[in-house]
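K.L.:
Please read through the structure below; I'll follow up with questions.
Every number in this text was worked out from the coordinates using simple rules, so none of it is lab data. Predicted, not measured: the structure shown is a model, and the values here were computed from it. Don't worry about glycine lacking a Cβ; one is built from the backbone with ideal geometry, like all the others, and counts go over all protein chains shown.
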Amino acid sequence: MEQLEFIDCVSRAGIDNLRGFSYQIKVFLLYHSKIKENERVGYETIDDVSIQKLNESNFDEKCNGYMSIKTESNTYTAIQVKRTNITVDVAKGILLNWLLLKDRGDVEEYIVFTEKDYKNTDSIFDINFDDFFDEIQNSTKKRSDALIMRVKKLFNGDKNKFLEYMTDIKQHYRFENVKKLMMKFIGRIQQFL
């Protein structure tokens, strides 16, 4: 096999993952530029990017991810960053993650952040909740730590609880579809100059 053929055969998954993380960092920086008093912005903590409102009791709390603090409640905004087309499967993955976050009791807002170039629409909730519940409950993944299995265990067949969680998430959800992230970020930086 010639060198050029070998290069063509190599998977681009690693490069695509790095692009995704790079984009998440840019979104982190955008939200960092919007930080308010008594908030901290987290990267890869409870979600891709998160904003935590602080009170004095948790101001010096240690964290597992990188956080930046600009010093009354202990609440989060969970931000899913998507630099891709949001398919039904991607939307379900976001919702599975948010169902677990909802159970924590400290997330007050859920955001999907994407760029208009991907032509995503605000359709994350355009799935049949009853069918989604059945899909979760009928999952037979072998790994108990798989996201869908953790959600299955959380609801343990309780459809009413599932529907209540989904409704609450939907009521506290926002879709951010920006034209160009870098232009938005540059605009924020110019405000400080």
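K.L.:
Just to confirm the filter: which trypsin sites (Lys or Arg not before Pro) across segment 75-161 are DSSP coil and have at most 15 other Cβ within 10 angstrom of their Cβ? Walk me through the intermediate numbers first.
P.N.:
Details: sites: K82, R83, K92, K102, R104, K116, K119, K141, K142, R143, R150, K152, K153, K159, K161; in loops: K82, R83, K119, K141, K142, R143.
Filter output for segment 75-161: K119, K141, K142, R143.
K.L.:
For an R0 of 22 angstrom, estimate the FRET efficiency from the Cβ-Cβ distance between D131 and R104 and round to the nearest 0.05.
P.N.:
For R0 = 22 Å, the calculated efficiency reads 0.30.
K.L.:
Does segment 68-181 come out rounded, prolate or oblate by the C-alpha gyration tensor, with a ≥ b ≥ c the root eigenvalues, rounded set by a/c under 1.5 and, if not, prolate when a/b is larger than b/c and oblate if not?
P.N.:
Judged from the Cα gyration tensor, segment 68-181 comes out oblate (a/c at least 1.5, b/c at or above a/b).
K.L.:
Please compute the net charge surrounding K159, taking Lys and Arg as +1 and Asp and Glu as -1 over other residues with Cβ under 10 Å from its Cβ.
P.N.:
Within the 10 Å Cβ shell, the charges total -3.
K.L.:
Excluding Q24 itself, calculate the net charge of residues whose Cβ lies under 12 Å from the Cβ of Q24, where each Lys or Arg counts +1 and each Asp or Glu counts -1.
P.N.:
Residues close to Q24 contribute a combined charge of +1.
K.L.:
A follow-up question, please. If the chain between K142 and T121 were fully stretched, how many nm would it gain, using 0.36 nm times the residue separation less the Cα-Cα distance?
P.N.:
4.2 nm
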